[in-house]
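The values are calculated or read from the model by the stated rules, or taken from the named source; none is laboratory data. Quick caveat, the model's predicted, so the values are computed rather than measured. Cβ coordinates were reconstructed from backbone atoms using ideal geometry, including for glycine residues, and neighbour counts include every protein chain displayed.
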Amino acid sequence: MKRLLFVLLTGLLAVLFVITMWRDTAREWTSYQGRFLKTLHTDERRNVSGGIKQIIVKDLNRVDRCTTCHLAIDKPQLALGEEPFTAHPGKFLEWHPVEKFGCTVCHGGQGLATEVKAAHGDVKHWEDPLRRGNVVQASCRQCHGDLKAIEAHVPALIKGREVFLAKGCYGCHTIKDFGQTVSQDLTEIGSKSYQLMEADFEMMSPPHDRIRWLETKLRHPRMLNPGVRPEHLPPGEEEIFPSAMPHFGLNQDDIESVTTYLLSLTASNLPASYVMPAPPEPTVTYASDLEHGTAVFEKYGCAACHGIGGVGGRHNWNGGLGEETPPLLYVKAYYGNHVEELKTLIRSGRQPVPRMNAGRPNPGLYMPAWKDRISEPDLDALVVYLFSLADRLPQPQTPQAATDQAQTSPSQPTAPVDSSPIN
Ligand code: HEC
Ligand code: HEC
Ligand code: HEC
Ligand code: HEC
Ligand code: HEC
């Protein structure tokens, strides 16, 4: 008798356990479905079934249950004004039919999950956070190699790439086989493992995901890499300088765009039926050597360390020249009669640069070697551009001209045109 009671009670407990578990996980999506179904007329309800919905996309190796809650995403006639019951904006689901694409290939998130936080990737173990709003554009490049063909739909992505080029990020970073190796390779930064960011996450406010991490990095490069002062180290250990990455003063819009662009940098090998390759790079012709040289300066990211327009001023910890990288406005004065020397300097770089204080470590920034990566005609055009920078130095002027100039807005070095985006 006792034994039977024991078995019965254990059985009951097990059943209760299963029911609680089920109710716990089912509560969220069932309540969304309940709320949605209530808004439908009887005849509409006939076309909408309940239960967990899943889109199985074998070719993409994905199972997405997003439509369990996003019930009207492809049914505008039933859509409501609030999430998760809106219809999809634009024609994206017409161009990318739900059964062939699912949702997560564009939005990230966790396809199989049926709770809001987990589905949106807002849980610790999931490394693909939901992409909302403009950030969704990071996904398009997996398949659309030719951004020009969809440019109307990817403004943030295109802007992000333009900012990347204009600020000279290539001068320190490589993407695929282009750029310098002063710092990390960004070829797959869009899928960088969370394990490598754990220490950084501890210094950031949540959410602790890749999108927020990139934004933080761009907003305050030194926040996550503040360095270690010698007084905080055991005697004899070398101090560590804060990040050598410049503070660019990007605005929120630029930060979002560059983040979107960086997120788009992932390794991806989707089936050929989904992918449209990039067209070959068009050959660019320039109206003048100066225009050509301006494009070369931008393309190779010289602005990385010498500032946009070569005005200098990037901070270089313990660098000999007042801890700043040099401006290029005096290149003509120094090398005007020594063009070959200048070309040799650009080809072979200068590393390490002199230190301000011999007792402290080498500066993080140095003049990298470009070897034959810059072709001879490009190098010649670059020299023309560098020499032209002398014109930006204050010219000897009459007092009257000086007041005239003070009244007009300060002349900004003009940002060069985006001539041949690489990646
Ligand atoms: C359990 C229900 C549920 C599931 C499953 C779910 N969502 Fe959501 N979703 C919501 C709710 C509720 C909101 C509104 C609150 C919010 O933004 O978090 C929302 C908002 C969104 C938004 C943002 C809307 C906005 O205007 O900010 C996107 C995008 C989105 N979901 C995509 C997805 C994708 C992709 C999946 C599948 C991986 C998914 N959702 C799965 C319930 C769900
Ligand atoms: C081809 C890529 C693509 C696919 C596939 C896709 N979406 Fe979107 N989705 C977008 C884009 C792009 C936007 C932003 C549109 C805009 O702001 O004009 C968006 C917007 C949304 C929004 C509005 C909120 C926001 O973030 O702007 C929701 C909700 C949403 N998608 C859910 C889904 C769900 C659920 C699925 C799967 C059924 C899905 N999407 C499939 C690209 C996609
Ligand atoms: C998984 C691959 C994939 C992703 C991700 C993807 N697309 Fe597409 N897209 C396609 C395919 C395939 C087509 C159909 C091309 C065809 O045959 O016309 C298409 C069609 C389109 C079209 C219609 C083109 C036309 O000429 O009719 C537009 C616009 C578009 N996609 C924009 C986007 C945008 C914007 C994103 C990112 C939010 C995106 N796509 C993400 C694969 C993808
Ligand atoms: C990663 C940082 C970095 C990048 C990128 C970089 N430079 Fe430099 N460059 C330096 C530093 C630091 C010096 C100072 C070297 C020294 O003190 O001897 C320097 C020196 C120079 C000088 C000599 C200046 C002088 O007054 O003697 C020239 C010219 C120059 N760079 C041109 C370029 C050009 C052209 C590019 C792009 C192709 C470029 N640099 C990219 C860091 C950089
Ligand atoms: C003058 C050199 C320099 C320039 C220019 C530069 N960075 Fe950096 N960047 C660094 C250094 C050094 C680090 C490594 C230290 C750190 O993480 O702060 C770094 C780190 C990063 C990281 C983190 C990489 C990782 O895997 O941890 C990202 C992302 C990044 N940079 C993006 C950019 C972008 C985007 C630009 C252009 C807007 C840019 N960087 C321009 C020097 C530079």
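Does Leu328 meet the test of being in contact with a Leu (Cβ under 9 Å, 6 or more places away or on another chain), assigned to a loop (DSSP other than H, G, I, E, B) and hydrophobic (A, V, I, L, M, F, W, C)? Against the criterion (in contact with a Leu (Cβ under 9 Å, 6 or more places away or on another chain), assigned to a loop (DSSP other than H, G, I, E, B) and hydrophobic (A, V, I, L, M, F, W, C)), Leu328 qualifies. Among residues of segment 85-107 that are away from ligand 4 (no atom under 16 Å from the Cβ), those with a beta-carbon under 6 Å from a residue that is modelled with pLDDT of 95 or more and of a type in the set (S, T, N, Q) at least six positions away or on a different chain give the pairs Cys106/Ser139. The requirement of being outside the structural domain of Gly168 (by TED's automatic domain parsing) and assigned to a loop (DSSP other than H, G, I, E, B) is not satisfied by Pro246.
Here's a check for you: in segment 260-294, which residue that is outside any loop (DSSP other than H, G, I, E, B) and among the charged types (D, E, K, R) is farthest from Tyr194 (Cα to Cα)?
Here is the first cut: in segment 260-294, the ones outside any loop (DSSP other than H, G, I, E, B) are 260-263, 272-274, 276, 289-294.
Pick out the ones that are also among the charged types (D, E, K, R) and you get 289, 291.
Working: Asp289: 46, Glu291: 42 Å.
The selected residue is Asp289.
If you go through segment 316-348 and pick out every residue that is crowded, with 19+ Cβ neighbours inside 10 Å and more than 11 Å from ligand 4 (Cβ to nearest atom), you end up with 2.
Given the residues Gly90, Gly111, which is the only one that is in a loop (DSSP other than H, G, I, E, B), surrounded by 18 or more Cβ atoms within 10 Å (Cβ to Cβ) and within 16 Å of ligand 3 (Cβ to nearest atom)? Full working, then the answer.
Values: Gly90 fails: surrounded by 18 or more Cβ atoms within 10 Å (Cβ to Cβ).
Selected residue: Gly111, the only one of Gly90, Gly111 that is in a loop (DSSP other than H, G, I, E, B), surrounded by 18 or more Cβ atoms within 10 Å (Cβ to Cβ) and within 16 Å of ligand 3 (Cβ to nearest atom).
All conditions but one from (1) of a type outside the set (Gly, Ala, Ser); (2) surrounded by fewer than 18 Cβ atoms within 10 Å (Cβ to Cβ); (3) in contact (Cβ under 8 Å) with a residue 40 or more places away in the chain apply to Pro280; the one that does not is (3). Residues that are closer than 14 Å to Val116 by Cα, acidic (Asp, Glu) and either surrounded by 19 or more Cβ atoms within 10 Å (Cβ to Cβ) or under 36 Å from the mean Cα position of the chain (by Cα) (or both) do not occur anywhere in segment 43-61. Test Leu40 against the stated conditions and say whether it is outside any helix (DSSP H, G or I) and modelled with pLDDT under 95. Taking the combined requirement at face value, the residue satisfies it.
So that you can scan it fast, the table gives a plain yes or no per residue for (1) among the charged types (D, E, K, R); (2) within 29 Å of Ala369 (Cα to Cα); (3) surrounded by fewer than 18 Cβ atoms within 10 Å (Cβ to Cβ); (4) modelled with pLDDT of 95 or more:
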residue: Gln137; (1), (2), (3), (4): no, no, no, yes
residue: Ile150; (1), (2), (3), (4): no, no, yes, yes
residue: Val154; (1), (2), (3), (4): no, no, no, yes
residue: Gly160; (1), (2), (3), (4): no, yes, no, yes
residue: Ser183; (1), (2), (3), (4): no, yes, no, yes
residue: Pro206; (1), (2), (3), (4): no, no, yes, no
residue: Ile211; (1), (2), (3), (4): no, no, no, yes
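Scan Gly301, Gly307, Gly293 and give me the residue that is within 12 Å of ligand 4 (Cβ to nearest atom) and in contact with a strand residue (DSSP E or B) (Cβ under 9 Å, 6 or more places away or on another chain). Give the derivation first.
On the way: Gly307 fails: in contact with a strand residue (DSSP E or B) (Cβ under 9 Å, 6 or more places away or on another chain); Gly293 fails: in contact with a strand residue (DSSP E or B) (Cβ under 9 Å, 6 or more places away or on another chain).
Going through Gly301, Gly307, Gly293 in turn, the sole match is Gly301.
Taking the criterion of being within 8 Å of ligand 5 (Cβ to nearest atom), in a helix (DSSP H, G or I) and either hydroxyl-bearing (Ser, Thr, Tyr) or closer than 11 Å to Ser264 by Cβ (or both), the only residue of segment 171-191 that qualifies is Ile189. Do we have Pro354 as closer than 30 Å to Ser243 by Cβ, buried (at least 19 other Cβ atoms within 10 Å of the Cβ) and in contact with a Pro (Cβ under 9 Å, 6 or more places away or on another chain) here? The answer is no for Pro354.
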